[in-house]
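Take a look at the structure set out below.
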Amino acid sequence: MIFDTCVPEQPLGAFIERFICYSDYKVGHAIDRFLPDGNTEIIIDLTDTPQPIFDNVTLQEIQSCKECWASGVRTQPISIPSGNGSAMFIIIFKKGMAAPFFPLPIEMFKRAVGVTPKTYLLIHRFQKAVQEIERRPNLDCAQLALDCGYFDQSHFVHSFKRFSGFTPTEYVSRKNGILNYVPVG
């Protein structure tokens, strides 16, 4: 198994957070769920096997990607194969820094980033909650909601489920210590 990450130096380091390369990756489950994190990625599949994207509820295949594709800023979780036996090279851009690498005009935020400014801020607030859940030993939804800028616990739970597919309590029972990653199948 090969799994390597690299943080590029300047000038690429100004735009790219890291490169990930893996081959013959082995994990004990079949499907991963990645939560919205504000990143844009280019995924290069080093095999000839199409990679499915699964419905977050039914886990049935809804789309297939092959060879190379871009994954823009997501507003919902994405459920994909866990990587067992695959070989990939992934370029993860720093937040908001992918636009120079795509033929997109940057006059408008939505065109450059892929979502409206409001949605982008909602994803960042959600990410703050995810990071706090990982950091805190016990889940107190009411306090976490206030600490992360939600109006109340109800808004926090609704937003968390929108972006992850789980309530905060369900997320805590499934999380495995890796930020923005939840084994689901």
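Among the residues making up segment 126-156, those that are in contact with a helix residue (DSSP H, G or I) (Cβ under 6 Å, 6 or more places away or on another chain) and within 15 Å of SER173 (Cβ to Cβ) are LEU139, CYS141.
Does segment 76-85 contain at least one residue that is surrounded by 16 or more Cβ atoms within 10 Å (Cβ to Cβ) and more than 24 Å from PHE126 (Cα to Cα)? Yes.
The residue of segment 160-179 that is farthest from the chain's Cα centre (by Cα), among those that are without any contact (Cβ under 8 Å) to a residue 40 or more places away in the chain and not in a helix (DSSP H, G or I), is THR167. The number of residues in segment 3-51 that are among the charged types (D, E, K, R) and under 19 Å from the mean Cα position of the chain (by Cα) comes to 8. If the condition is being modelled with pLDDT under 90 and touching an Asp or Glu at 6+ places or on another chain (Cβ under 9 Å), then segment 144-177 contributes LYS175, GLY177.
Scan segment 93-100 and tell me whether some residue there is under 18 Å from the mean Cα position of the chain (by Cα), in contact (Cβ under 8 Å) with a residue 40 or more places away in the chain, in a helix (DSSP H, G or I) and over 29 Å from GLU170 (Cα atoms). No.
In summary, strands (runs of 3 or more DSSP E) completely within segment 13-74 and bearing 3 or more residues that are free of Cβ contacts under 8 Å to residues at least 12 places away in the same chain and surrounded by fewer than 16 Cβ atoms within 10 Å (Cβ to Cβ) occur at 61-65.
Among the residues that make up segment 124-142, is at least one of them under 30 Å from SER23 (Cα atoms), outside the structural domain of ARG74 (by TED's automatic domain parsing) and touching a residue at least 60 places away in the same chain (Cβ under 8 Å)? Yes, segment 124-142 has at least one match.
Confirm whether VAL157 is within 14 Å of the chain's Cα centre (by Cα), of a type in the set (A, V, I, L, M, F, W, C) and surrounded by 14 or more Cβ atoms within 10 Å (Cβ to Cβ). Judged against the criteria, VAL157 is not a match.
Each row is one residue, and each column tells you yes or no for (1) at pLDDT below 85; (2) within 23 Å of THR116 (Cα to Cα); (3) aliphatic (A, V, I, L, M).
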site: ASP32; (1), (2), (3): no, no, no
site: ASN56; (1), (2), (3): no, yes, no
site: GLN76; (1), (2), (3): no, yes, no
site: ILE106; (1), (2), (3): yes, yes, yes
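Looking only at segment 134-144, decide whether some residue is within 19 Å of the chain's Cα centre (by Cα) and over 22 Å from ASP55 (Cβ atoms). There is at least one residue in segment 134-144 that is within 19 Å of the chain's Cα centre (by Cα) and over 22 Å from ASP55 (Cβ atoms). Looking only at residues in segment 145-154 that are among the small types (Gly, Ala, Ser) and assigned to a helix (DSSP H, G or I), the one that is farthest from the chain's Cα centre (by Cα) is SER154. Quick one: would you say VAL182 is assigned to a strand (DSSP E or B), within 19 Å of SER79 (Cβ to Cβ) and not assigned by TED's automatic domain parsing to the domain that holds ILE53? When the stated conditions are applied, VAL182 passes them.
The values are calculated or read from the model by the stated rules, or taken from the named source; none is laboratory data. Not measured: the values here are computed from a predicted model. Glycine gets a Cβ as well: all are built from the backbone with ideal geometry, and neighbour counts include every protein chain shown.
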